[in-house]
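One structure is given here, and the rest of the page talks about it.
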Amino acid sequence: MRLFRFIQCAPLLLATILSACSSDSSTGSDHGIPDLDGLANFVVDSARLASSWTIGSDQVEAGSCTSIEYGITPGFHRVLRFSVSTPNVGDADAVVGDPLAHIDPNHDGNFDDSDGLFEYAPCHNHFHYKHYATYELLPVLEGGALGAPIFARKRGFCLDDSEPFLPGVDPKSWVYRACGTLTQHGDQGVHAGWTDVYVRTLPGQYFVLDDPAQPTPPGDYVIRITVNPPYLPDSTDACPVRDEQNFCRVLRESNYADNVATLHITLP
Ligand SMILES: [Ca+2]
Ligand SMILES: [Ca+2]
Ligand SMILES: [Ca+2]
């Protein structure tokens, strides 16, 4: 590929070469071409988290997908909304591919041969990529230690190139933008230099603050977002990658030590 491009560009003047061949500069912005040379590295955009959180409300209707998929009791709820952006700052794409190829590898319509990376959400007729991120709300105890976490309801993800993130990334260079359904092939992933974003207005993209089982009295809390978190698999889970501590991760990265963002907040 590199040689082919050089031959294409060779007759051009130097100035033209620099502009015409800039897509080959290995910056991670390959104008829509997958970059599989290197390793992905996810981080959590802490500035986006800090600027986005807000206390609001949600009217959850009985029988709605929000109620069914996220297990939220129908009714009016006080919620803490926040946006999560997980940029891939590595030098290669994080590739997930077609959910149908993971959930039904032999294409017979039966999910018995699923590799466990996805779960099918019939309410929305789409697939949830499992173990991509965890959202936790932890009370700050007297003395500063953190208490037991409350988890956000959202637990399924669709990885895509939501926005360019790194400076200089061409807005037209996205590669992965197909979540896939039961009848449509998808292509999930995050291109190098791009970020996968979950805005605060999405269903379930919040902590429920009035759950009697998980009370959140006024006070100091920490929001903790972890991308590609370590996990111990249950009987239905896949373990595609083992990290240095032998925990499972769904995606291979060059660095697992920069995957957490925390934000101190005070709930009024
Ligand atoms: Ca690369
Ligand atoms: Ca990382
Ligand atoms: Ca099958």
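Taken together, the values in this text are just the output of simple stated rules run on the coordinates, not laboratory data. For clarity, every value in this text was computed on a predicted model and none was experimentally measured. Every residue, glycine among them, receives a Cβ derived from its backbone with ideal geometry; neighbour counts consider all protein chains shown.
The length gained on full extension between F111 and V222, counted as 0.36 nm times the residue separation minus their Cα-Cα distance, comes to 36.1 nm. All distinct Cα pairs of the chain go into the 1/r average, and the inverse of that average, the Kirkwood radius, is 20.3 Å.
Remark: the S51-L232 segment gains 61.9 nm on full extension, using 0.36 nm per residue and subtracting the alpha carbon distance.
From the largest down, region 214-268 spans 42, 27, 15 angstrom on the principal axes of its Cα atoms.
Put a dot 7 Å past the Cα of I68, heading toward its Cβ, do the same for D258, and the two dots end up 4.1 nm apart. Working from label points 7 Å from Cα in the Cα-to-Cβ sense, the L146 to N246 distance is 2.5 nm.
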